[in-house]
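All remarks here apply to the structure that follows.
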Amino acid sequence: MNDYSRLIEYLKGYEVNVSDEQISRLDKYYEMLIETNKSLNLTAITEFEDVLVKHFIDSVSIIRDIDLNKNISVIDVGTGAGFPGMVLKIIFPGIDITLFDSLQKRLTFLDGVISTLGLEGIKTFHGRAEEAGHMESMRERFDLCVSRAVASLPVLSELCLPFVKVGGKLVSYKSEKGSEELSDASHALSVLGASVIKQDVFELPGSDMARNLILISKDSSCPKVYPRKPGTPAKKPL
Ligand code: SAM
């Protein structure tokens, strides 16, 4: 088993205690990630210490701003190999989470992880955000949307905010470009009925990587025309 003390200490700093079982689940997920990555492109980062900081600790860094010790519904848009959503579910088992992506192969990997770890209150959902955002079962259904490395903030806002309940939040995980993207997104946010709560800039422990968590609140329903058809949000950002 790999050494998770850096993550355990990080979580303790936010008064989050994890059991040995949770850590062994995380380690099994790491093993499956590395094994599947040999045949399917899941991650460019494979060394354990790098995965620990840049995937696992980065995923849980949302605890700086959001309390996940509650039974809330969460969607991870563009989850890829499960970041941040799978890590959040393992560390905060009380959340109910949907891992959403347009690439079925990555979701098939995540379905394998879910069944191997015996997780409940988690499912995968395949589709394009531009289409799923109009489905009755998905539109305005989630208390919280999280998303990392999917699109620039103006585009991401259109892809993600339709999933969020009025009064809910979008948390976008960004790099050092967060500030620039934030100023570019002001029009998109006002059109979509949302506003910025906070930009949280910090460094991950043991890394000089600048990280930005951008917290957005959904204040009113998005007009029905959003999201526009697949590809349009990226081609013609709001
Ligand atoms: N969030 C993961 C991470 O940080 O490691 C994966 C990031 S990966 C660069 C972007 C993911 O978003 C891909 O798995 C891709 O299939 C998905 N994606 C991109 N556009 C999407 C869309 N319009 N609807 C659903 N998924 C999308």
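Coordinate-derived values only; no laboratory data. Values in this document were obtained by computation on a predicted structure and should not be read as measured data. Positions of Cβ are backbone-derived with ideal geometry, glycine not excepted, and every protein chain shown enters the neighbour counts.
Along the Cα-to-C-beta direction of M135, a point sits 7 Å from the Cα; which residues of the stretch 84-101 have their amide N less than 17 Å from that point? Answer for this model: 97-101. In sequence order, the stretch 116-128 has phi-based couplings of 4, 7, x, 7, 10, x, 8, 8, 9, 9, 9, x, 8 Hz under the Karplus curve 6.51 cos²θ - 1.76 cosθ + 1.60, θ = phi - 60°, and Gly or Pro positions carry x.
One chain, two ends: M209 and N69. Fully extended at 0.36 nm per residue, the span grows by 47.7 nm beyond their Cα-Cα distance. Between S115 and N17, the contour length at 0.36 nm per residue exceeds the Cα-Cα span by 32.9 nm.
The H on the amide N of I197, modeled in the peptide plane, is under 5 Å from the matching H of L215, I216, S217, each at least 5 residues off or on a different chain. Working ranking of peptides 29-35, 4-10 by packing, defined as the average number of other Cβ atoms within 10 Å per residue, highest first, is 29-35, 4-10.
Hey, quick one: spin label on R6, modelled 7 Å out along Cα-Cβ, who in the stretch 50-78 has an amide N within reach, i.e. under 17 Å? Flagged as within label range: 50-62. Helical content of the chain, expressed as a calculated mean residue ellipticity at 222 nm, amounts to -8500 deg cm²/dmol (DSSP H runs of 4 or more residues, -39,500 (n - 2.57) each, divided by residue number, nearest 500). Starting from the Cα gyration tensor of the chain, take the square roots of the eigenvalues, sort them a ≥ b ≥ c, and report rounded, prolate or oblate (rounded when a/c is under 1.5, otherwise prolate if a/b is larger than b/c, else oblate). Prolate, since a/c reaches 1.5 and a/b exceeds b/c. Going by the alpha-carbon gyration tensor, a ≥ b ≥ c the square roots of its eigenvalues, is the stretch 24-136 rounded (a/c under 1.5) or, if a/c is not under 1.5, prolate (a/b greater than b/c) versus oblate? In terms of gyration-tensor shape, oblate. For E35, project a label point 7 Å along Cα to C-beta. Then give me every residue of the stretch 99-136 with its amide nitrogen under 20 Å of that point. Residues 105-120 qualify, since their backbone N sits under 20 Å from the label point. Looking at the chain, the DSSP beta bridges with both ends there are about 45 percent antiparallel.
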